[in-house]
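Input: a single structure, listed below in structure tokens.
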């Protein structure tokens, strides 16, 4: 249950979709001066060294961030995402070299402002220790070695009355799909105006269709779904696509994905690359 380590997958195509949409959403929240709350339910360590043994095992970043890093030009939403990656690599002293990849905690800590508040959760003992080491001293951040699902429910509604909750479990156990629905329903009941972003892998299309149907059946409004894949999910080759579900997304997100997803599908998947955009429930 606690065997998943994201370092094997850091910077892959699924991270690109997740973190490009996260970057856009945080930039959007920053347009207003009022503080907001950002929460990451399954944080991981928050920062990855791509030369490390785990990242080098499958080199998944070579079908993810690396082609975007090397691209001469990008759509504007992806340019903003790449600038965040460059800022992270400046930590190594040379922002022109891709040696680090930031997880969502690092992106949140970088883009959130002094007046904003951040909560990070990670249950895996080793990952949790690394997370605390990476972000200790940042007074905006509280870190918990707890179940992120339950912590999210308990944190709603945030005192700021503005916020983004990123829910991205590893789905190591099948019950995670059901728990995502339960947590969304519970959080939305307490904080209906918040923005919720859910990452999911497409391994079994039937499982995803059922989860989306269950989310739709909650009665929650204003839900958009975006998917990016290296090839169609009929190939039976494990996770060939991943998706993001947004509840109360920024009104600018749909256009940003219209610009980004066709480019990403071609750049990362070539002729086999695929993408989807769905308005699951209207406002």
Within the range 183-214, how many residues are within 24 Å of residue 14 (Cα to Cα) and in contact (Cβ under 8 Å) with a residue 12 or more places away in the chain?
19
Give 82, 72 a once-over and let me know the one that is under 22 Å from residue 258 (Cβ atoms), free of Cβ contacts under 8 Å to residues at least 40 places away in the same chain and in a helix (DSSP H, G or I).
82
Residue 217 fails exactly one of (1) surrounded by fewer than 20 Cβ atoms within 10 Å (Cβ to Cβ); (2) in contact with a helix residue (DSSP H, G or I) (Cβ under 9 Å, 6 or more places away or on another chain); (3) more than 22 Å from residue 161 (Cα to Cα); (4) in contact (Cβ under 8 Å) with a residue 24 or more places away in the chain, namely (4)
If you go through the range 125-163, how many residues are farther than 14 Å from residue 40 by Cα, touching a residue at least 60 places away in the same chain (Cβ under 8 Å) and assigned to a loop (DSSP other than H, G, I, E, B)?
3
Residue 87 fails exactly one of the following numbered conditions: (1) in a helix (DSSP H, G or I); (2) touching a helix residue (DSSP H, G or I) at 6+ places or on another chain (Cβ under 8 Å); (3) touching a residue at least 24 places away in the same chain (Cβ under 8 Å); (4) surrounded by fewer than 20 Cβ atoms within 10 Å (Cβ to Cβ). What is the number of that condition?
(3)
Which residue, of 100, 50, 131, 78, is closer than 23 Å to residue 151 by Cβ and either surrounded by 13 or more Cβ atoms within 10 Å (Cβ to Cβ) or touching a helix residue (DSSP H, G or I) at 6+ places or on another chain (Cβ under 7 Å) (or both)?
131
So residue 101 passes all but one of these: (1) touching a strand residue (DSSP E or B) at 6+ places or on another chain (Cβ under 6 Å); (2) more than 22 Å from residue 159 (Cα to Cα); (3) assigned to a helix (DSSP H, G or I). Which condition number does it fail?
(3)
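Read-outs: derived from the displayed coordinates by stated rules, not from any lab. Worth saying up front: this structure is predicted, and the values here are computed from it rather than measured. Cβ coordinates were reconstructed from backbone atoms using ideal geometry, including for glycine residues, and neighbour counts include every protein chain displayed.
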